[in-house]
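Remarks on the structure that follows.
The values are calculated or read from the model by the stated rules, or taken from the named source; none is laboratory data. All figures in this text were calculated on a predicted structure; none of them were measured in a lab. All Cβ positions, glycine included, derive from the backbone under ideal geometry; neighbour counts span all protein chains shown. What goes into the accessible areas is simple: the full protein's heavy atoms, side chains included, and nothing from ligands, DNA or RNA. Shrake-Rupley method; radii C 1.70, N 1.55, O 1.52, S 1.80 Å.
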Amino acid sequence: MNIGQYMTVAVGSCLLLAACDDGVISQVGNSILPDEDSITVYADTFQIAASTVKYDSLYARTNSGFLGEFYDPLYGHLKSDYIGQFYCEEGFSFAHMPDNGKIDSVLLALYYDQWKGDPSIPMQITVYPVTRQLTKNFYTNVDPAAFCDMQNPLASQAYSARSGTVVDSTTTGSYLWLHTFPLPVEWGQRIYDETIGNPSSFDNQEAFNRFFPGFHITTDYGSGNILYVNSTQLRIYYHYTLQSSAGEDSVVYTGEVFNVSKDVIQLNRFQNANTEQLLEDNDDCTYLKTPAGIFTRLVIPSVEISKIIENRVVNYVSMNLKYMPQEDWLYALTPPPYLLLIPEDSIGTFFENRNIENSVTSYISTYSGSSSVGYDESGRVYPFPSLSNLLVYHVAVNPDEDLRLLVIPVSRSTGVSTGYSSSYTYTTGLSHYLAPSGLKIRKDGDYMKMVIISSYLNNR
């Protein structure tokens with residue numbers, strides 16, 4: 001069976017319903033059907049099994065980084081850091097010759113627009129050199145010791161999130177902050193000397209990576225704050241003498257900048273602890289925590305469902321995930337912006353292949369009241385479109401196995417399509433949500449019941 005055939009079956013009817021009790025609802029459409037035909041509509045309710053599961057690592061291909069440590073009384077401890085290469089233009093050389101061939105200073109610059117936790121907490125950043133080539137394994141259980149000289153840090157310096165410099169702001173009240181950290185001037189001198197003595201190291205990115213593999217950026221003091229780093233830069237400052245046509249000399253101060261960008265490798269590491277209580281089964285809720293790989297698993301009894309709805313058209317499958325109120329302590333974790341539903345056996349390829357929801361085997365939560373988040377904050381619910389396509393497809397392909405889904409927090413990038421009289425937002429990219437967040441999904445009472453609307457054409 002191919003997917004297209006089952007999609008056609010799944011969306012083949014659009015019915016106006018007056019009630020949702022189990023069993024037969026009504027017979028409709030007699031006025032437009034031949035006398036010998038009628039449609040019977042059914043609403044059947046099934047119980048979903050829900051549990052909390054943990055995946056050891058997430059796929060995180062990004063040039064953004066998270067830096068720091070944070071502890072939540074419910075969701076436990078989180079430490080975030082990253083390793084990055086720096087992008088180099090082909091054939092790079094310094095724009096000017098430094099006076100006496102000497103570099104003045106070198107800075108590591110971190111731009112960030114958000115943080116989680118107390119912005120006044122004193123933290124300490126430490127930078128280590130990468131000594132072995134990075135591999136394109138973008139999973140978050142990377143071991144820095146496999147690539148870095150962890151015995152010889154380049155630099156350490158204290159900071160706090162609030163002590164950064166505001167470098168940009170908007171009328172909406174959002175800000176871009178900057179922290180700069182001095183590095184040994186020898187690193188800038190080494191790069192300049194290489195452009196003179198061995199310019200082939202700058203022929204392409206691969207050659208540059210062999211010469212300069214990158215930095216590991218972490219914290220080794222302080223807990224209570226995590227920076228959301230948008231951009232990481234290596235800045236090399238120097239001065240040169242400019243001679244004017246009048247014979248007067250002037251000293252010009254300038255610099256060269258290397259960025260961690262999407263064109264090079266950045267490896268993000270997340271370490272979680274004190275999460276065992278989240279995995280314990282309870283009658284009230286399941287958990288989601290980011291960036292911890294703690295998801296909710298849903299098991300839909302599709303084997304039982306297929307026997308009951310055999311020979312019917314599946315018109316609608318309801319799915320709304322209700323969540324409990326967030327905790328009321330200071331710096332409590334907030335809900336993730338979107339939730340993704342995918343079959344559990346597809347998590348290994350979905351993010352690596354940069355897939356987006358297709359409304360057949362993957363669905364994203366959608367809320368009509370917002371184009372920026374997929375949940376209703378006032379109702380505390382993540383609504384999903386009808387899962388009829390998924391149910392029909394799964395029953396056709398795996399009739400003897402119940403449908404196992406993962407609920408995964410995601411970030412969503414979007415575009416807007418504008419028509420003659422309306423516009424709509426569509427997905428351009430999905431990735432694991434990597435900012436700290438936590439959620440308790442209700443499983444008590446009727447919150448894990450699924451209603452399936454189906455219909456049957458009776459031939460009299």
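For this structure, a couple of remarks:
- Counting only protein heavy atoms and a probe of 1.4 Å, the accessible surface of the chain is 48% carbon and sulfur.
- Cβ crowding within 10 Å averaged over residues, with 136-142, 271-277 ranked highest first: 136-142, 271-277
- Å² per residue, accessible surface of the stretch 354-417 at 1.4 Å: 44 Å²
- Globularity index of the stretch 182-293, i.e. its alpha-carbon radius of gyration over 2.2 N^0.38 Å: 1.73
- Positive-end extreme of charge dipole, the chain - chosen from Ser250, Ser346, Ile453 (charges on Cβ): Ile453
- For the stretch 269-326, a simple Cβ point-charge model (Lys and Arg +1, Asp and Glu -1, everything else neutral) yields a dipole of about 340 debye relative to the Cα centre.
- Near Ala49, the amide H atoms lying under 5 Å from its own belong to Val299; only residues 5 or more places off or on other chains count, and H is placed 1.01 Å from N.
- Of interest is the spacing of the C-alpha centroids, which for the stretch 305-354 and the stretch 103-142 amounts to 33 Å.
- Descending by average beta-carbon neighbour count within 10 Å, the peptides 41-49, 420-428 line up as 41-49, 420-428, the highest first.
- Its Cα centre serving as origin, the chain has a Cβ charge dipole (Lys and Arg +1, Asp and Glu -1) of approximately 140 debye.
- Straight-line cross-link partners of Lys54 among the lysines, defined as a Cα under 24 Å from its Cα and at least 8 positions apart when in the same chain: Lys79, Lys116, Lys136, Lys289, Lys322, Lys440, Lys443, Lys449.
- Charge dipole of the stretch 41-83 about the Cα centre (unit charges at C-beta), most positive-ward option of Leu67, Ser57, Tyr82: Tyr82
- Across the stretch 367-460, the mean sequence separation of Cα contacts (distance under 8 Å, 6 or more residues apart), normalised by length, yields a relative contact order of 15 percent.
- Average Cα contact separation per residue, the chain, under 8 Å, 6 or more apart, as relative contact order %: 25 percent
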